[in-house]
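The values are calculated or read from the model by the stated rules, or taken from the named source; none is laboratory data. Just so it is clear, the structure is predicted and the values come from calculations on it, not from any experiment. Quick reminder, even Gly has a Cβ in these numbers, built from the backbone with ideal geometry, and neighbours come from all protein chains shown. Side chains included, ligands, DNA and RNA excluded: accessible areas come from the protein's heavy atoms. Shrake-Rupley method; radii C 1.70, N 1.55, O 1.52, S 1.80 Å.
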Amino acid sequence: MSNRTDIIIVGGGLNGPALALALAQTGHTVTIIDALPFEQRQDAGFDGRGYALALASQKLLTQIGIWAEVAAHSQPMNEIKVSDGAPGRTASPFFLHFDHAEIEDGPMGYMVEDRFLRRALMDAIEQDPSIDMRNDCRVVAQETSADVVTVHLDTGETLCARLLVGADGRSSGTCQRAGIKRTGWDYGQIALVCALDHDLPHAGIAHQHFMPSGPLAILPLPGNQSSIVWSEKTERAHRIHALDDDGFLDALRPVFGDFLGDIRLVGKRFTYPLNLTIANSFIAPRMALVGDAAHGMHPIAGQGLNAGLRDIAALAEVLTEARRRGEDIASPLVLERYQQWRRFDTATLVSATDVFNRLFSNDNPLLRLGRDLGMGLINSVPGLRRNFMREAAGLTGDLPRLLQGKPI
């Protein structure tokens, strides 16, 4: 059996469905292939996972019709506080404090739980006749000819399209089957992820504490809850994760502090090994990579999903403009436009997160002095501070139209 569509997207997480909705709005037909069963994607149970969406990403979600469905469940990030310290040691007097009141665009971003964002994407896809969602199946082979790309599924089906997009994560099979090599390394760190109830309100303030073993992000969720991303050295992280919930909280409290009162676990606990991995090319014949399939980075600045949504906005715009000009949307010239748009920005972001993690994940007194003085300098110069805030909000650089809040 052979089925033909304009674009096949491998990966039904967040980036794949968002790209499908953006493309369907401009007249493309799309098939999404996802390994997970539909029921698992639709699970609405709370598990504590959340995303720090930059303001530009929120604008994209508005344009593809998703934001109205998740806005009521979101938490604006009105301030960001960045500090340097260690358990049992007085925090450095030098810090960064970003207040959204200093820029005119609104909150720097929003926290949204995974369950609400995923459910909104799935619901929108179900209602769009231009999108065919294939759940609980995997691609086992792909091949390219002069004018078509063909994928073979483990169900025995064969699908054909003009373009194949890999949105299938850091271990992207789409990338591997295309013969694209990757560059990267392991950080020797694991992220411990959970959600907490706390006694005191967070006031919409996101905190990033840099510790010698890795950063701790405390991100506000609706109500008196926060999402935690705690990076620790691999061996200690395994020991902490093996503890029961009370033991986990006992290990967390000296790092977390008491500024939000007593803390309690809510939902599940997760672990994610931290590494850097970037595809040596974001394109191949009749194929493009987006999100973690193209670039996986340290979560130190919470930019993973935001970087993926930048890929989506750029690729959707490039393909739509090519279609309107009557070009082959998967020609090498068209795909190279996408790569040129995203490659430098991605390399800069990946390098910045790598350098920040290496600079702050240590207790060298000279490096500690240098980084603390640097944060103090940025915080004391309004122009520099505002530039960093706009960067955090995703409002700088050569932005695709969707990230500007404009239709393609």
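Observations, loosely collected:
- Here the condition is being of a type in the set (A, V, I, L, M, F, W, C) and without any contact (Cβ under 8 Å) to a residue 40 or more places away in the chain; of Val290, Val318, it holds for Val318 alone.
- Residue within segment 154-162 that is in contact with an Asp or Glu (Cβ under 6 Å, 6 or more places away or on another chain) and either aromatic (Phe, Trp, Tyr) or open to solvent by 20 Å² or more (accessible area, probe 1.4 Å) (or both) present: yes
- Only one entry in Gly166, Gly204, Gly188 is open to solvent by less than 10 Å² (accessible area, probe 1.4 Å) and on the phi > 0 side of the Ramachandran plot, namely Gly204.
Condition check ((1) in a helix (DSSP H, G or I); (2) over 30 Å from Met211 (Cβ atoms); (3) at pLDDT below 80) across all residues:
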{"residue": "Ala20", "(1), (2), (3)": "yes, yes, no"}
{"residue": "Leu23", "(1), (2), (3)": "yes, yes, no"}
{"residue": "Ile32", "(1), (2), (3)": "no, yes, no"}
{"residue": "Glu39", "(1), (2), (3)": "yes, yes, yes"}
{"residue": "Gly48", "(1), (2), (3)": "no, no, yes"}
{"residue": "Lys59", "(1), (2), (3)": "yes, yes, no"}
{"residue": "Thr62", "(1), (2), (3)": "yes, yes, no"}
{"residue": "Gly65", "(1), (2), (3)": "no, yes, no"}
{"residue": "Glu69", "(1), (2), (3)": "yes, yes, no"}
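- Residue within segment 329-348 that is assigned to a helix (DSSP H, G or I), crowded, with 17+ Cβ neighbours inside 10 Å and touching a Pro at 6+ places or on another chain (Cβ under 7 Å) present: no
- Looking across Arg324, Arg401, one residue alone is closer than 16 Å to Ala18 by Cβ, at pLDDT 80 or above and open to solvent by 70 Å² or more (accessible area, probe 1.4 Å). It is Arg401.
- Hey, Gly223 of a type in the set (Gly, Ala, Ser), open to solvent by 10 Å² or more (accessible area, probe 1.4 Å) and under 24 Å from Phe116 (Cα atoms) or not: yes
- Filter pass, Thr174 being over 14 Å from Ile278 (Cβ atoms), touching a residue at least 40 places away in the same chain (Cβ under 8 Å) and among the polar types (S, T, N, Q): yes
- Every residue from segment 286-305 that is within 20 Å of Thr62 (Cβ to Cβ), at pLDDT 95 or above and in a helix (DSSP H, G or I): Gly291
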